Amino acid sequence: MRLIQTSGSRLVARVAVLVAACSLTLPLAAEQLTVVSFGGSYARACQQAYHEPFTAETGIEVRLEDYNGGLAQIRAQVETGNVHWDVVDLNVADAVLGCDEGLLEFIDPGDLPPGADGSSVEDDFVAGTLTDCGMGTIFFSSIYAYHPQHFPGAKPATIEDFFDLEQFPGRRGMRRVPSDNLEIALLADGVPLDEIYATLDTPEGVARAFRKLDTIKDHIVWWEAGAQPPQMLADGEVVMSTAYNGRIFNAQVRENQPFEIVWDGQILDNSQLVIVAGAPNLEAAREFIAFAGRPESMAAVSKYISYGPVRRSGTALVGTHVETGVAMAPHMPTTPANLTRALHHDWRWWSDRGDELTERFAAWLAR
């Protein structure tokens with residue numbers, strides 16, 4: 001019996017052949033994920049250090065977006081069920097709070113690679129840099145820097161000098177948040193390093209910190225993004241400003257700015273990568289976290305900006321600045337000479353008290 005083909009059946013057959021051919025010749029859409037960070041020179045350093053190498057190794061495209069920190073946008077995405085971010089760079093207090101609120105995915109330390117020297121994950125990560133939902137990547141610090149053209153004589157050298165308007169007149173830049181500002185206010189007011197958070201635990205201690213801030217409040221220019229302090233210093237909008245140490249370093253070596261960093265009273269912290277709960281590209285996000293968690297990835301960041309690895313085995317891999325050849329170790333916040341009077345940011349304390357003091361700080365600003 002002979003099969004009779006109608007014109008309609010021949011058309012269907014031809015379409016089927018075309019579809020099959022296209023499926024063989026057209027590549028599948030590239031897998032991708034969205035990573036959110038703080039922008040500027042820090043985000044560029046991360047792109048070059050491990051975003052681009054991750055894509056080269058896995059074929060997964062990384063789309064980078066900028067934000068100014070905090071949980072507000074993550075919370076809105078998760079609560080509305082409209083999650084479009086995958087991985088986010090957070091400070092530790094926000095990573096812990098976000099985890100407690102169910103806004104973030106858990107990270108299994110067993111998924112992370114061992115140390116460059118073969119050490120275990122638990123031994124290689126500095127204590128406090130791994131949390132239930134966050135993986136530390138780099139140490140950074142909040143310092144203050146000044147432009148020397150404003151101080152032809154004596155130069156600022158201590159955290160007390162930041163509050164000394166008589167000897168060092170001029171406007172100061174400060175980030176528009178309570179964290180770090182309350183700590184340095186107490187340090188400048190004579191509270192010992194090991195008593196800062198115990199003092200802030202009391203109503204009298206909080207009031208004391210705000211009274212110290214009152215002494216310079218009329219001379220403060222507030223900033224929100226990490227790229228602002230170097231620009232404010234360069235433009236002469238302020239004579240000194242709190243800032244992230246890496247942003248000032250980059251202005252020094254890449255833009256030949258004569259800024260000076262004052263390490264006295266620095267507040268040492270670490271940045272964490274987290275995965276947003278319900279991330280649309282969850283498996284790619286976990287793969288990205290594991291890649292960023294390599295000691296080599298963390299050390300690679302220090303080729304571009306003066307932030308150091310949170311993994312012990314990564315410290316030995318820190319070398320020179322990729323563009324200028326400057327040795328990076330002396331510029332790291334964790335270099336012993338820079339730690340003489342450093343306060344370790346207590347993220348546990350801020351995760352408990354952050355909301356309360358943010359409201360208090362907003363009320364103080366509005367007065």
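The packing ranking, built from the mean of other Cβ atoms within 10 Å per residue, places the peptides 144-155, 275-286 in the order 275-286, 144-155, highest first. Match the structure shown to one of the listed values [x] -0.45, -0.55, -0.78, -1.06; [y] -0.69, -0.77, -0.94, -1.11; [z] -0.36, -0.46, -0.69, -0.99 of log10 I(q)/I(0) by the Debye sum over Cα atoms at q = 0.08, 0.09, 0.11, 0.13 Å⁻¹, computed from it, and give that label. Computing log10 I(q)/I(0) by the Debye sum over Cα atoms at q = 0.08, 0.09, 0.11, 0.13 Å⁻¹ and matching it to [x] -0.45, -0.55, -0.78, -1.06; [y] -0.69, -0.77, -0.94, -1.11; [z] -0.36, -0.46, -0.69, -0.99 gives [x]. What the stretch 181-271 shows is 37 Å² of accessible area per residue, with the surface traced by a 1.4 Å probe over protein heavy atoms.
Using 0.36 nm per residue of separation minus the Cα-Cα distance, give me the extension gain between Glu255 and Glu31 in nm, one decimal. Walk me through the numbers on the way to the answer.
Working: separation 224, 0.36 × 224 = 80.64 nm, distance 3.66 nm.
Between Glu255 and Glu31, full extension yields 77.0 nm more.
Of the beta bridges in the chain, as assigned by DSSP with both residues counted there, near 65 percent are antiparallel.
Where the accessible area of the stretch 72-165 is counted over protein heavy atoms with a 1.4 Å probe, how much of it, in %, is carbon and sulfur?
Values: 1950 of 3820 Å².
Whole-percent figure for carbon plus sulfur exposure: 51.
Would you kindly state how much longer the chain becomes between Asp235 and Leu193 on full extension, computed as 0.36 nm times their sequence separation minus their alpha carbon distance, in nm to one decimal?
In short, 11.8 nm is gained.
Note on Leu165 and Trp222: the extension gain reaches 18.8 nm, defined as 0.36 nm multiplied by sequence separation minus the Cα-Cα distance. With a Förster radius of 41 Å applied to the C-beta separation of Val326 and Arg348, the computed FRET efficiency comes to 0.70. Can you tell which of Ala327, Ala157, Ala43 shows the greatest fluctuation in a Gaussian network model of the chain with Cα springs below 10 Å? Comparing Ala327, Ala157, Ala43 in the GNM, the peak value goes to Ala327. With a Förster radius of 35 Å applied to the C-beta separation of Thr335 and His84, the computed FRET efficiency comes to 0.35. Comparing Ser306, His51, Gln149 along the charge dipole axis of the chain, the residue lying farthest to the positive side is His51, per the Cβ-charge model.
For the stretch 34-116, applying the loop criterion from DSSP together with a ceiling of 15 other beta carbons within 10 Å to the GluC sites (Glu not before Pro) yields Glu101.
What does the charge dipole of the stretch 80-194 about its Cα centre add up to, to the nearest 20 debye, if the Cβ of each Lys and Arg holds +1 and the Cβ of each Asp and Glu holds -1?
880
Screening the chain for whole DSSP H helices of 24 Å or more along their axis (Cα) with average Kyte-Doolittle hydropathy at least -1.0 returns 7-25, 347-366.
Rounded to the nearest 500 deg cm²/dmol, what is the calculated helix-only ellipticity per residue at 222 nm for the chain, with -39500 (n - 2.57) per DSSP H run of length n ≥ 4? List each step's numbers first, then the result.
Working: 16 runs with 145 residues, N = 367.
Roughly -11000 deg cm²/dmol at 222 nm, from the helical runs in the chain.
The values are calculated or read from the model by the stated rules, or taken from the named source; none is laboratory data. None of these values were measured; they are calculated from a predicted model. Here the Cβ is made from the backbone with ideal geometry for all residues, glycine too, and neighbour counts use every protein chain on show. Areas reflect the complete protein model, heavy atoms only, side chains present, ligands, DNA and RNA absent. Shrake-Rupley method; radii C 1.70, N 1.55, O 1.52, S 1.80 Å.
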